Amino acid sequence: MSKSKRISNNAGGLGIQLQNKNLRYHVLKVCNPYCGPCAKAHPVLEKLYEEGSKDLQILFISNPDLEDPRTKVINHFLAIDSKGDSQVTQKALNRWYSSPEKDHEAFAKRYPMNGELNKQKVKLLAMKEWFDKEGVTHTPTIFINGYELPEDFSVEELKDILV
């Protein structure tokens with residue numbers, strides 16, 4: 001991986017950050033809530049995080065226009081995360097990505113938010129600025145300790161690589 005693209009702009013504080021105390025690897029996933037490959041990658045990365053030596057940071061590619069269907073879901077994820085309960089955030093992400101039907105209205109009823117939804121635009125804009133600077137063009141894009149996972153590696157192979 002040391003020969004692959006390296007992140008040149010700090011992504012600290014962006015997106016959703018699930019952190020472990022005994023950090024050995026920082027995994028950054030760039031995804032789209034409606035992306036099939038992102039949904040398949042999510043449980044693999046979640047399991048790696050739960051093993052305890054890996055942080056998982058999730059950034060979402062979106063259009064900051066709040067009428068964009070992707071943005072509505074991402075805004076909801078960020079609002080849930082803003083409450084500060086990482087277990088609820090994890091459950092919400094797992095529920096979304098494991099659901100065969102990506103229905104934001106049903107999801108929103110399960111995870112009702114009040115004013116938190118209106119406070120996420122700055123976060124959406126910051127993620128967009130980061131993507132533009134980094135030239136991220138597709139999802140999922142995975143970075144391990146700042147290096148992009150090469151295309152010839154699958155997310156499933158990370159179980160054997162990140163030990």
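The values are calculated or read from the model by the stated rules, or taken from the named source; none is laboratory data. If you're wondering where the values come from, they're calculated on a predicted model, not measured in any experiment. For neighbour counting, all protein chains shown are included, and Cβ atoms are generated from backbone atoms with ideal geometry for every residue, glycine included.
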(request) Run down P37, P100, P43, P64 and say which single residue is surrounded by fewer than 18 Cβ atoms within 10 Å (Cβ to Cβ) and over 19 Å from V155 (Cα atoms). (result) P100
(message) Filter the stretch 143-163 down to the residues that are in a helix (DSSP H, G or I) and of a type in the set (A, V, I, L, M) and list them by number.
(response) V155, L158, I161
(request) Go through the stretch 50-78 and count every residue that is closer than 19 Å to F107 by Cα and hydroxyl-bearing (S, T, Y). (result) 2
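Under the condition of being over 14 Å from the mean Cα position of the chain (by Cα) and surrounded by 11 or more Cβ atoms within 10 Å (Cβ to Cβ), which residue from the stretch 127-142 is nearest to I74 (Cα to Cα)?
E129
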(message) Can you list residue pairs whose Cβ atoms sit under 9 Å apart, with the first residue in the stretch 123-137 being closer than 12 Å to P64 by Cα and the second being of a type in the set (G, A, S) and assigned to a helix (DSSP H, G or I)? Count only pairs 6 or more apart in sequence or on different chains.
(response) K123/S82
(message) So E156 ticks every box in (1) touching a residue at least 60 places away in the same chain (Cβ under 8 Å); (2) surrounded by 12 or more Cβ atoms within 10 Å (Cβ to Cβ) but one. Which box is left unticked?
(response) (2)
(request) Considering only the stretch 72-111, state which residues are among the polar types (S, T, N, Q) and without any contact (Cβ under 8 Å) to a residue 60 or more places away in the chain. (result) N75, S82, Q87, N94, S98, S99
(message) Looking at T137, T141 in this structure, which one is of a type in the set (V, I, T), out of contact with any Pro (no Cβ under 7 Å at 6 or more places or on another chain), modelled with pLDDT under 95 and under 23 Å from D55 (Cβ atoms)?
(response) T141
(request) Kindly state which helices (runs of 4 or more DSSP H) lie completely within the stretch 33-126 and contain at least 1 residues that are of a type outside the set (K, R) and touching a Cys at 6+ places or on another chain (Cβ under 8 Å). (result) 36-50, 86-98
